[in-house]
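Accompanying notes for the structure given below.
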Amino acid sequence: MSIFCPFCLTEHAGSECKKEEGTTNKIPKTYINAALKGVPIYPIAVIGYRGCGKTTYLSSLIYALYHKLPQEWISILALNQQTIKKIETDYIPVLRRGNFPPPTTKFFEEPLILKLTIPEKKINIIRAKREIILIIYDTMGETYDSVDTIKNKFPLISLIPNLVILVDLFSICTEATEISADMKLHSLVNRLTLALDELSAPTKKKNLIVCFTKTDKFWDLEEAEEDFGPLAYKPLEPKSDLKRYCKEELYRTSEDIQRFIKKNYNNFFKALDENYGGYCFIASSNIGCKPNENINTFSGGYNPLGVVDPILWLLTIK
Amino acid sequence: MLKLDQHIYGITKEKGLSTLSVSIEMSEEDLKVLEKHSLYHLPNVLLYDNEAIKPKKYIYYKLNDESMVLGRGVDIGRDEFGRVGNFLFHNLILKLKEVEKVGVTPIGLIKYFEKKGTFQDIFCEGQNVDDDLKVLDNDTHKEVPAMSLFEGKSDLVSLLLYTCFNHEKISSPICICGNEDKIFDFLDILFSILPKKMWSNLSFNTFWYEDSKLPGLFFCCTNVRSNEIRLPNYSLKIDLEEGLYESKIDIQDKMKYEYAKCAAQKALSDKQGLSILYLLEELVIAHDWRKFIDLYKGSPQDIKWVIYSHNKENILTEILQGNIELLVVLREDLSTEERDRVFKSKILIERFIKQHDEIISKDFIEWFYNLTTQESKDFCRVILNNPTLLNFILKTIKNEKERLTFNITTVQGLIEEMYKNYLETENYDQTTEEKLLEVFCEFLEYNAITDIFKNVKRLPPSENPKILLLRALIMYRFGNSSKIISILKNKRSQQLTRNLLYEGMKTIDWKEHAKVLINDKNRSRVLFWRK
């Protein structure tokens with residue numbers, strides 16, 4: 001019987017998936033059983049320029065799923081050893097010690113495979129979902145340096161319907177370059193769109209979640225609200241019930257940011273609006289505090305904010 | 001001169017992680033391979049410890065049919081975002097043949113290049129690199145650490161060598177755990193006790209941490225004992241600190257293992273013997289039989305046995321194709337089955353007959369004499385066609401009377417073959433017939449001889465009195481009739497013999513002939529006394 005494979009993102013029979021170099025990835029049994037039961041599967045890729053915080057974002061997402069969300073909202077299960085290892089050694093312990101992960105050195109890593117379970121009484125809030133599977137790809141920032149690199153190094157992107165684009169707006173705005181921040185943001189979407197076209201993947205079928213990371217850099221800045229609008233506010237800890245948070249707070253924040261982006265980064269906004277089926281805007285802080293100057297550590301206490309919102313948004317639109 | 005090409009991979013602000021410099025035009029495929037294997041990862045226990053000394057990582061592997069890579073990865077602190085794990089990887093690409101010619105092990109080369117400062121610690125755009133580096137002809141670089149690491153561990157060395165010789169069948173890596181110095185020594189010694197042609201089949205990574213497998217038989221080494229490091233699924237694991245090893249290798253090729261065992265023994269105690277062993281093996285593979293024979297002759301017995309056992313098929317095939325000299329050198333090593341196989345080779349027999357090789361002829365006879373009676377019949381024509389062989393066989397038959405049935409069958413077979421040959425080709429040799437019949441006459445008293453008599457009559461007519469006599473004796477089985485034999489042996493009885501053979505017994509007046517014989521005898525006695 002065929003199932004949707006988490007490694008090659010196509011349907012095939014069997015419990016193994018051949019890799020390029022001739023070895024195989026074993027599809028976890030729990031995944032197979034869930035897929036056969038018809039559990040919804042959400043492939044997601046985290047994309048963005050070098051240094052925008054993709055790996056840190058993923059680490060914080062998992063940490064938040066485990067520790068930050070109210071217990072009655074969602075429970076989480078890692079479905080393969082690779083994911084468990086990432087959680088136990090690579091990701092969370094590093095951040096809890098106030099360090100950032102090293103740069104990603106592969107164009108795309110093996111995906112994290114997670115199963116989320118939403119308790120029975122909350123089902124009617126987010127459609128009829130009880131369990132969902134997330135297949136999340138972390139990628140290397142260098143992938144997005146050109147259309148060809150995206151196309152040749154990460155062709156799997158054509159099969160991933162949900163793209164979380166991380167934007168470090170603070171760095172883009174403060175870096176001295178010849179092109180404007182709007183053009184730089186537009187350029188990323190432009191390259192992505194062209195690459196997807198080259199790979200014959202209709203962009204209108206993709207959902208883009210634009211997640212502005214490192215918003216902690218805006219906090220306490222003078223005139224931050226003027227320059228960065230709603231991004232300057234510290235994201236709220238989700239406290240209200242899940243329904244209210246998803247239907248109201250999430251959407252309100254997205255609309256606020258959208259207005260700001262449309263006004264100040266119009267080319268970027270138009271590129272999104274005209275080419276993609278669905279999009280939303282999220283503000284997040286991967287660590288929830290300001291990093292230490294110059295040594296890329298942080299000591300303000302690890303408290304990621306807004307990192308789960310992209311996943312929650314995805315659950316509301318399907 | 002050792003020509004180097006270079007490839008540098010690392011992180012810059014402008015390009016991120018990418019190929020920073022390469023000294024030649026390279027195919028996309030080769031570049032992809034270089035980049036894939038130019039990653040430097042550290043476990044968290046080292047990565048975030050600012051005080052810890054970050055190890056250097058050295059790799060060695062075959063890039064393509066012509067080239068090998070010697071690479072070094074080093075940690076260079078933080079990237080422009082302040083992230084730990086920034087590194088520089090410098091690959092030196094060398095020609096396979098030059099590496100073998102220079103004869104310095106990969107570890108020796110690493111030490112040399114480190115001493116010369118060839119590997120870069122920082123990347124400066126636009127800087128030139130030497131692309132022709134002379135490897136000094138200095139014995140220091142060819143020095144190999146003493147075998148103390150392997151002393152008393154001949155089992156382990158045998159297993160290691162077996163794994164290397166059998167590399168095509170071993171897909172899982174070999175894990176080596178130990179400190180950097182011991183890892184270096186281990187690899188250095190290993191390469192020094194392997195034939196140089198084998199070096200390109202191996203690869204190593206002196207500081208493995210979640211890296212991809214290198215091509216060939218891969219030695220992945222680690223000096224960090226941490227729960228973070230999960231070793232790959234290995235075929236053999238060696239702990240250099242504890243001196244222990246764990247093997248999952250199933251030794252299926254016993255002969256290859258014996259070869260490896262011999263090589264291990266020689267490696268530990270007799271370097272010259274090791275060279276001889278490897279050279280003999282190379283010569284077999286290259287089918288350089290002339291040099292092989294010359295070297296084999298003077299080699300110690302243990303080496304001879306291992307080489308022969310390990311290369312039996314190749315060697316036997318060569319012998320079967322008529323290499324007599326090789327057979328002469330190896331004749332004492334052949335088993336009964338092998339001897340059987342060899343002497344059943346038509347090409348070989350024709351060759352040693354043509355070359356009149358006495359040694360092999362004797363061996364052949366000895367072998368022939370050990371065949372079953374049925375088997376021996378198959379070789380009669382071969383023997384008939386070779387006077388030397390025939391003489392040997394007949395001599396052996398005369399001397400070894402205890403193998404009666406075999407002897408009778410053999411001679412009978414030879415005579416039948418002689419007859420068949422005459423019928424098919426009209427070739428007839430009087431001398432051969434005389435010899436055969438003479439020997440055959442010795443068995444006339446045995447009842448086993450029957451059909452042969454008809455054939456004797458149909459042989460071509462002969463004027464040779466001896467042949468006539470022999471034929472008559474055989475035809476009529478006069479073996480136990482001394483009076484008739486005496487008559488027939490008389491010189492005047494030639495016509496009698498002829499009549500006997502071609503007209504039959506009934507036409508002969510024996511009494512008349514007996515009188516002639518008696519008169520002849522008396523005349524001879526008178527003549528004697530008169531003298």
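Every read-out reported here was derived from the displayed coordinates using simple, explicitly stated rules and does not represent laboratory data. What you see is a predicted model, and the numbers here were worked out from it, not measured in a lab. Cβ atoms come from the backbone with ideal geometry, glycine included; neighbour counts cover every protein chain shown.
Counting Cβ atoms of other protein chains within 10 Å of each Cβ in B:77-84 and taking the mean gives 6. Suppose R0 equals 35 Å; then what is the FRET efficiency for B:LYS344 and B:ASN464 from their Cβ-Cβ distance, rounded to the nearest 0.05? The formula returns an efficiency of 0.50 here. Mean residue ellipticity at 222 nm, helices only, chain A: -8500 deg cm²/dmol; runs of at least 4 DSSP H residues each add -39,500 (n - 2.57), and the sum is divided by the number of residues.
Sorting the segments B:43-51, B:214-222 by their mean number of nearby beta carbons within 10 angstrom, highest to lowest, gives B:214-222, B:43-51. Annotation note: GluC sites (Glu not before Pro) in the stretch A:193-295 located in DSSP loop regions with a Cβ neighbour count of at most 14 within 10 Å are A:GLU222, A:GLU223, A:GLU293.
In this structure, B:ILE324 and B:GLU400 have a Cβ-Cβ separation that, at R0 = 41 Å, corresponds to a calculated FRET efficiency of about 0.95. Annotation: the antiparallel percentage among DSSP beta bridges lying fully within the protein assembly as shown is about 60.
What is the mean number of Cβ atoms from other protein chains located within 10 Å of the Cβ atom of each residue in peptide B:210-218, rounded to a whole number? Could the numbers behind the result be given before it?
Working: counts 2, 0, 3, 2, 0, 0, 0, 0, 0.
Rounded to a whole number, the mean comes out at 1.
Spatial offset of the stretch B:170-220 relative to the stretch A:202-232 amounts to 49 Å, using the alpha carbon center of each. On full extension, the segment bounded by A:LYS18 and A:ARG96 gains 24.5 nm, given 0.36 nm per residue less the C-alpha separation.
Partner shielding of A:94-102 amounts to 4, given as the average count of beta-carbon atoms from other chains within 10 Å of each residue beta-carbon. Note on B:LYS354 and B:LYS506: with the Förster distance fixed at 41 Å, the Cβ-Cβ geometry gives a FRET efficiency of about 0.25.
Take each peptide in A:29-42, B:195-208, count the other Cβ atoms within 10 Å of every residue, and average; sorted highest first, the result is B:195-208, A:29-42.
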